[in-house]
Amino acid sequence: MAVPRPNRRTHWGWQLQAECRDVDPGLFFPRDDEGRGDRIRRERQAKSLCLHCPVCLQCRQHALTAREPYGIWGGTTESERRTQSRTTALEP
């Protein structure tokens with residue numbers, strides 16, 4: 001199952017350049033039966049793809065702005081984004 005293609009006329013155009021565009025989304029989202037070790041390995045693999053993605057920063061910004069509750073977005077996990085959002089909220 002591939003990630004749905006974005007509407008080119010909207011602010012989602014950056015997705016057309018994403019490294020993950022043709023990758024199984026299961027790599028980026030947890031499964032109900034996933035153990036801790038499997039989750040860590042899956043997240044590392046997903047993040048390694050993000051490292052070379054030309055739109056990683058746009059993806060991360062989207063996830064922070066939209067408060068994406070699940071998955072790897074822009075090389076960050078759910079908990080990393082929550083921490084980053086709290087830290088940003090505390091800055092003057």
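The values are calculated or read from the model by the stated rules, or taken from the named source; none is laboratory data. Note that the structure is a prediction, hence the values are computed from the model and not measured. We place every Cβ from the backbone using ideal geometry, glycine too, and count neighbours over all the protein chains shown. What goes into the accessible areas is simple: the full protein's heavy atoms, side chains included, and nothing from ligands, DNA or RNA. Shrake-Rupley method; radii C 1.70, N 1.55, O 1.52, S 1.80 Å.
Annotation: of all residues in segment 76-92 being in a loop (DSSP other than H, G, I, E, B) and over 22 Å from D24 (Cα atoms), the one that is modelled with the lowest pLDDT is E91. Considering only segment 46-75, state which residues are part of a loop (DSSP other than H, G, I, E, B) and either open to solvent by 30 Å² or more (accessible area, probe 1.4 Å) or touching a Leu at 6+ places or on another chain (Cβ under 7 Å) (or both). Scanning segment 46-75 gives H52, P54, R67, E68, P69, Y70, G74, G75. Whenever a residue of segment 45-56 is among the β-branched types (V, I, T), its partners that are in a helix (DSSP H, G or I) and open to solvent by 20 Å² or more (accessible area, probe 1.4 Å), lying with C-beta atoms within less than 8 angstrom and at least six residues away or across chains, give the pairs V55/W14; V55/Q15; V55/Q17.
Restricting attention to segment 44-59, does a residue exist that is of a type in the set (S, T, Y), modelled with pLDDT under 90 and out of contact with any helix residue (DSSP H, G or I) (no Cβ under 6 Å at 6 or more places or on another chain)? Among the residues of segment 44-59, not one is of a type in the set (S, T, Y), modelled with pLDDT under 90 and out of contact with any helix residue (DSSP H, G or I) (no Cβ under 6 Å at 6 or more places or on another chain), which makes the answer no. Within the span defined as segment 68-80, every residue fails to be over 8 Å from the mean Cα position of the chain (by Cα) and among the hydrophobic types (A, V, I, L, M, F, W, C). Please verify whether A2 is open to solvent by less than 70 Å² (accessible area, probe 1.4 Å), among the small types (G, A, S) and modelled with pLDDT of 90 or more, treating the condition exactly as stated. In short, no.
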